[in-house]
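Notes follow the structure.
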Amino acid sequence: MRFDEYQNFDALGLAQLVKDGDVTAGQLLDLAQQRAHEVNPQINAIVRFMNSQADEHVAGGQVGPFSGVPFLIKDLAQDYRGLPSSSGSRSLVNVLTGEHSTVVQRWLDAGLVIFGKTNTPEFGAKGITEPELFGPARNPWDLTRTPGGSSGGSAAAVAAGIVPVAGANDGGGSIRIPAACCGLVGLKPGRGLLPMGPAIGEAMHGAAAQGVVSRSVRDTAAMLDVLAGGEPSGPFLPSVPPDTYLSQVGADPGRLRVGVCSTSGINPDPHTEAVAAVDGTAKALADLGHDVEILDQQPFDDLALARDFLLTWFVYLAWEMDDAKRRSGCDDSDFEIDTRVMAALGRAHGGVEYVDAVMRRHEHVRQLSAYFEKYDLLMTPTLAEPPPRIGAFDTPRPARMAASALLRTRTAGLLRHAPLVDNMIQDNLSWVPYTQLANLTGRPALSLPLHWTPEGIPMGVQFTAQLGGEAMLLRLAGQLEQAMPWGQRWADLSPNS
C-alpha cells in the first residue's frame, strides 16, 4: 500500500482492509511512522514515539472494530502504563504512570496500535498548543497558525494524514477547537458517558470529557461505541442507547428545529468567515428540510459563564500544580509563568467563592434547558476568528517580568482585584467564546468542518444538543457529511514543505 492510498481510508476502512487480508497491521504501522517522520518536524504534533510498544502490539495480533489501525494518544490524561504523561509540563516529564487510563485500555482492546503521544499545552490550560517544554504544534493547513488546543497535537497529526483518528479530551473546547482549526470532526460527549478513570472519577467537576478527533463521522461514532460506558471506579452508570452510535450515521435525523447565533457577549462582532460558516450551513440545513431560526442573541449569559469557567479553571489549575509537586518533588520553577499566575489567581479565591461559581452552573443549565424546550439544537461557529498565528498569545516580556516579581513576592493574588479576568476573557476567549457552554452544562457538542476561508483555512460549525443528544448529533452529522463533503480535502503538506 502507498501513502496516497493509506490516507484515503478512514480508521474503519483501514480495519476492514486488515480483516480482509489486503494489508497487515505492520504495513499500516510502517506507513504511519514513515509519514510521521516526514512531517512531524514541521508540525511538532508527536512528542513521544512508542515504537517498541507498537511493535509488541503488532506482533501479538489484534482483535476488535479498529484492529490493526495506527493510533496516537494525547500526552494529557491518557496514561500508558510505564510511560510519563507529561501534561505538557516539565514537572511531570519524568514521572512514570502505573496503569493504563480506562480509555487507553479500551482503545487497545479495540485493536488500535498506539505508537505515540501528542503535543498539548501545559495542563491543557490554553486553546492553543505552544508548551515551553515541547514547543508549538503547527497547523498543517498553514504552518504559521495554531492547530488549536489543547488537543492540538492530535488534530495536527490527523490533518497531516499520519493517522485517521487520534485521542483527545475536552475541558473547555479542547476537542472542538482543534477540530475546527484543522478541518476535522470533534465530538465532546455529554457528562459521564465516557470514563475518566481509573485514577479519578471525573475531572473539573464533570466539565472534562475524553474523546477523539477524526476525519469521518462514522469513525467518531464507532469510537464512541468503543469508549462509552461506566467503570467500577466511576461516579455514574451512564445510559447507553440500545443501538450502536455507528448505526446512527446514515439514519434519517428527522426534521430538526435549529436555533442559529453567531454573536456572543464576549465577541459581538465575529470574523466574517465565522459568520459565513454558519450562514452557509444554515442554508444547507434549510435545504435538507430542517427548521432554522436566526437568534438575536445567545440563549444564555455567555460572559457570566466565561467568568465562572475561568474562576473554577484557575482553582483547578492550582490543585494540578500542587498535585504535580507531590508526584514529582519539583518546585515552582518547573512550571510556566502563565500557569503560575493562573494558579495564583485560583489560590486568591476562597472556598466559598469557588463553590459559588460551581453552583452557578445550575443557572446556565436551566437557561439552556429552557432553550431546548423549543429547539433541538443550538448552532454557532466553533471559532469566532480564524486560527491565530503561532505566538499571538505569548505574554509580552514586560508582563512576564512583572508577573515574576509578583510571584516572587507572593503578591500575585492581588491581581484578582484588577480587571485581569475580564481582560483574559477578551484576550484568550474572544476567538473561542462558544465552546465552554457544553462543558459547564455537561451537554454534548459537535464541531464539523463545514467551511474553509478563501485562503484555505478551516472554520468549524458547532452544534450543541440536550442531554443524551449524541445520537441526534451523529445522525445530523452524517447527513451533512453527505450534503457538504469534506473527506477529500487535504492540507498541502509535503515532506519538503
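Please indicate, with yes or no, whether at least one residue in segment 131-146 is buried (at least 24 other Cβ atoms within 10 Å of the Cβ), among the hydroxyl-bearing types (Ser, Thr, Tyr) and touching a Ser or Thr at 6+ places or on another chain (Cβ under 6 Å). No: segment 131-146 contains no residue that is buried (at least 24 other Cβ atoms within 10 Å of the Cβ), among the hydroxyl-bearing types (Ser, Thr, Tyr) and touching a Ser or Thr at 6+ places or on another chain (Cβ under 6 Å). The residue that is nearest to residue 161 (Cα to Cα), counting only those in segment 458-480 that are open to solvent by less than 10 Å² (accessible area, probe 1.4 Å) and of a type in the set (A, V, I, L, M), is 459. When each of 338, 394 is tested for being modelled with pLDDT under 95, more than 25 Å from residue 298 (Cα to Cα) and surrounded by fewer than 18 Cβ atoms within 10 Å (Cβ to Cβ), the lone residue that passes is 394. Does residue 250 satisfy the criteria of being in contact (Cβ under 8 Å) with a residue 40 or more places away in the chain and surrounded by fewer than 20 Cβ atoms within 10 Å (Cβ to Cβ)? When the stated conditions are applied, residue 250 passes them. For segment 481-488, state whether one or more residues are under 22 Å from residue 189 (Cα atoms), crowded, with 22+ Cβ neighbours inside 10 Å and of a type outside the set (A, V, I, L, M, F, W, C). No, that holds for no residue.
Among strands (runs of 3 or more DSSP E) lying entirely in segment 174-288, which contain 1 or more residues that are under 21 Å from residue 69 (Cα atoms)? Walk me through it before giving the result.
On the way: elements: 185-188, 209-214, 257-260.
By residue number, 185-188, 209-214.
Of the residues in segment 274-292, none is under 29 Å from residue 410 (Cα atoms) and either open to solvent by 20 Å² or more (accessible area, probe 1.4 Å) or over 25 Å from the mean Cα position of the chain (by Cα) (or both).
Looking at segment 226-243 only, could you name the residues that are within 30 Å of residue 287 (Cβ to Cβ) and open to solvent by less than 70 Å² (accessible area, probe 1.4 Å)?
Here is the first cut: in segment 226-243, the ones within 30 Å of residue 287 (Cβ to Cβ) are 241, 243.
241 - this is the single residue of segment 226-243 that is within 30 Å of residue 287 (Cβ to Cβ) and open to solvent by less than 70 Å² (accessible area, probe 1.4 Å).
Being under 14 Å from the mean Cα position of the chain (by Cα) and assigned to a loop (DSSP other than H, G, I, E, B) is the filter here, so list the residues in segment 138-173 that pass it. Hits for segment 138-173 are 146, 147, 148, 149, 150, 151, 171, 172, 173. Just one residue in the set 125, 157 is small (Gly, Ala, Ser), in contact (Cβ under 8 Å) with a residue 40 or more places away in the chain, buried (at least 24 other Cβ atoms within 10 Å of the Cβ) and within 22 Å of residue 12 (Cβ to Cβ); that residue is 157.
A search for C-beta distances below 8 Å between a residue of segment 332-358 that is closer than 16 Å to residue 125 by Cα and part of a helix (DSSP H, G or I) and any residue that is open to solvent by 20 Å² or more (accessible area, probe 1.4 Å) and of a type in the set (Ser, Thr, Tyr), counting only pairs 6+ apart in sequence or on different chains, returns 334/328; 337/395; 337/404; 338/395; 346/316.
Among the residues of segment 125-152 satisfying the criterion of being basic (Lys, Arg) and out of contact with any Pro (no Cβ under 6 Å at 6 or more places or on another chain), which is nearest to residue 389 (Cα to Cα)? Don't jump to the end; show me each part of the working.
Here is the first cut: in segment 125-152, the residues basic (Lys, Arg) are 126, 138, 145.
Now restrict to residues that are out of contact with any Pro (no Cβ under 6 Å at 6 or more places or on another chain): 126, 138.
Numbers: 126: 14, 138: 9 Å.
The residue in question is 138.
Does residue 176 satisfy the criteria of being under 30 Å from residue 234 (Cβ atoms) and open to solvent by less than 10 Å² (accessible area, probe 1.4 Å)? Before you say what the answer is, go through the steps one by one.
On the way: under 30 Å from residue 234 (Cβ atoms): yes; open to solvent by less than 10 Å² (accessible area, probe 1.4 Å): yes.
Here the answer is yes, as residue 176 does meet what is asked.
Criterion first (within 23 Å of residue 275 (Cα to Cα) and either at pLDDT below 95 or not acidic (Asp, Glu) (or both)) does residue 458 satisfy it? Yes; evaluated as a whole, the condition is true for this residue.
Is it the case that segment 201-218 has a residue that's within 26 Å of residue 109 (Cα to Cα), open to solvent by less than 20 Å² (accessible area, probe 1.4 Å) and of a type in the set (D, E, K, R)? No, every residue in segment 201-218 fails to be within 26 Å of residue 109 (Cα to Cα), open to solvent by less than 20 Å² (accessible area, probe 1.4 Å) and of a type in the set (D, E, K, R). In a residue-by-residue description of segment 94-106, the property of being under 15 Å from the mean Cα position of the chain (by Cα), within 28 Å of residue 474 (Cβ to Cβ) and without any contact (Cβ under 8 Å) to a residue 60 or more places away in the chain applies to no position. What do you reckon, is residue 281 in contact with a Leu (Cβ under 9 Å, 6 or more places away or on another chain), hydroxyl-bearing (Ser, Thr, Tyr) and at pLDDT 95 or above? So residue 281 passes the test.
Here the helices (runs of 4 or more DSSP H) wholly within segment 1-120 that include at least 3 residues being buried (at least 18 other Cβ atoms within 10 Å of the Cβ), of a type in the set (A, V, I, L, M, F, W, C) and touching a helix residue (DSSP H, G or I) at 6+ places or on another chain (Cβ under 9 Å) are 11-20, 25-43, 102-109.
The values are calculated or read from the model by the stated rules, or taken from the named source; none is laboratory data. These numbers come from a predicted model, not from an experiment. Cβ sites come from the backbone with ideal geometry, for glycine too, and all protein chains shown count toward neighbours. Quick note on the areas: whole protein, heavy atoms, side chains included, nothing else; ligands and nucleic acids left out. Shrake-Rupley method; radii C 1.70, N 1.55, O 1.52, S 1.80 Å.
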